Amino acid sequence: MVTFKKFIASRYGIKMPQGNIPGSWFVENGLPMIVACTCCGTTMASPGSYVDEEGQCYCSSCADAEED
């Protein structure tokens, strides 16, 4: 599993800006701003999520559990 930032960089070649990212950046790049964890359903800002090799998003708690 990798961070959302690393996932979009490797899969789409999109570099995520640092700091506060305006919602318009997500729209312009066709990326979701909010995602739900595949495991527990918790919603979070996409930059704080983890993504598996299939493109499914996970929260930090579930990502740790999946790696163990």
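The values are calculated or read from the model by the stated rules, or taken from the named source; none is laboratory data. Keep in mind the model is a prediction, meaning the values are calculated, not measured. Note that each Cβ is placed from the backbone with ideal geometry, even for glycine, and that neighbours are counted across all protein chains shown.
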Might you check whether a residue that is surrounded by 17 or more Cβ atoms within 10 Å (Cβ to Cβ) and under 10 Å from the mean Cα position of the chain (by Cα) occurs anywhere in segment 6-25?
yes
The residue from Gly41, Gly19, Gly30, Gly55 that alone is touching a helix residue (DSSP H, G or I) at 6+ places or on another chain (Cβ under 8 Å) and at positive phi is Gly55
So how many residues does segment 32-53 have that are out of contact with any Phe, Trp or Tyr (no Cβ under 8 Å at 6 or more places or on another chain), part of a loop (DSSP other than H, G, I, E, B) and not polar (S, T, N, Q)?
3
Are any of the residues in segment 46-57 surrounded by fewer than 16 Cβ atoms within 10 Å (Cβ to Cβ) and aromatic (Phe, Trp, Tyr)?
no
Filtering segment 35-45 down to residues that are of a type outside the set (S, T, N, Q) and surrounded by 11 or more Cβ atoms within 10 Å (Cβ to Cβ) yields Val35, Ala36, Cys37, Cys39, Cys40, Met44, Ala45
Cβ pairs under 6 Å, 6+ apart or interchain, first in segment 16-31 and farther than 16 Å from Lys6 by Cα, second at pLDDT 95 or above, ordered by first then second residue, are Gly23/Met33
Output the residues belonging to segment 20-43 that are touching a Cys at 6+ places or on another chain (Cβ under 6 Å) and not polar (S, T, N, Q).
Val35, Cys37, Cys39, Cys40
